[in-house]
Structures are given as structure tokens and as C-alpha cells.
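J.: Quick one: this structure, given as C-alpha cells, is what I'll be asking you about.
The values are calculated or read from the model by the stated rules, or taken from the named source; none is laboratory data. All values reported here derive from a predicted model rather than from experimental measurement. Note that we place each Cβ from the backbone using ideal geometry, even for glycine, and neighbour counts take in every protein chain shown. The protein model used for the area step is the full one, side chains on, heavy atoms only, and it has no ligands, DNA or RNA in it. Shrake-Rupley method; radii C 1.70, N 1.55, O 1.52, S 1.80 Å.
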Amino acid sequence: MIQKESNLPEKLSKPALRALEGAAISQLEQIAKHSESEILKLHGMGRKGIEQIRIALEARGLSFADES
């Protein structure tokens with residue numbers, strides 16, 4: 001399960017949370033090190049989850065990494 005100190009959006013779907021957990025990601029700051037397309041490739045992550053993450057990142061002054 002996602003660690004208690006996670007700051008991921010509370011409304012993320014269970015598949016999206018499992019996708020991030022499988023990639024050992026539990027913090028928005030970790031997501032900001034990846035591009036949007038990298039996160040979207042995770043099994044269980046969809047457009048709705050990406051949008052929720054984008055909003056949460058922006059609220060913290062963060063964003064997805066640039067595409068490489």
C-alpha cells in the first residue's frame with residue numbers, strides 16, 4: 001500500500017495508485033522527475049489520473065519533467 005507520508009492526490013484510482021506503487025513512487029516530488037508520457041506508460045495509469053497528478057503538481061509549484 002502507499003505509504004502514509006504519501007502526498008499523492010487522494011482521489012487517484014486504485015489502479016493508478018498501484019501503478020505508482022509498483023514504480024516505487026509515493027511523492028509528487030518523485031513524479032516531477034518523470035515526464036508525463038513515462039507516467040502514462042505505467043500499467044493502470046490513465047488520462048484522468050494524469051490530470052489529477054498535474055493539478056496536484058501545479059498546486060505545489062511542480063510539473064512533469066520535460067519529454068526527452
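J.: Enumerate the pairs (first residue in segment 39-56 and on the phi > 0 side of the Ramachandran plot; second residue anywhere and open to solvent by 80 Å² or more (accessible area, probe 1.4 Å) and assigned to a helix (DSSP H, G or I)) with beta-carbon separation below 9 Å, excluding pairs fewer than 6 apart on the same chain, so at least 6 apart or on different chains.
T.: Every condition considered, the pairs that remain are 44/14; 44/18.
J.: Does segment 50-68 hold any residues that are more than 14 Å from residue 7 (Cα to Cα) and part of a helix (DSSP H, G or I), and which are they?
T.: Within segment 50-68, 50, 51 qualify.
J.: For residue 38, are the conditions met, namely being over 14 Å from residue 8 (Cβ atoms), open to solvent by 80 Å² or more (accessible area, probe 1.4 Å) and assigned to a loop (DSSP other than H, G, I, E, B)? Walk me through how you get there before you give the answer.
T.: On the way: over 14 Å from residue 8 (Cβ atoms): yes; open to solvent by 80 Å² or more (accessible area, probe 1.4 Å): yes; assigned to a loop (DSSP other than H, G, I, E, B): no.
Here the answer is no, as residue 38 does not meet what is asked.
J.: Does segment 1-35 hold any residues that are in a helix (DSSP H, G or I) and surrounded by 16 or more Cβ atoms within 10 Å (Cβ to Cβ), and which are they?
T.: Step one: filter segment 1-35 for residues in a helix (DSSP H, G or I), giving 14-22, 28-31.
Answer for segment 1-35, where residues must be in a helix (DSSP H, G or I) and surrounded by 16 or more Cβ atoms within 10 Å (Cβ to Cβ): 16, 17, 18, 19, 20, 21, 28, 31.
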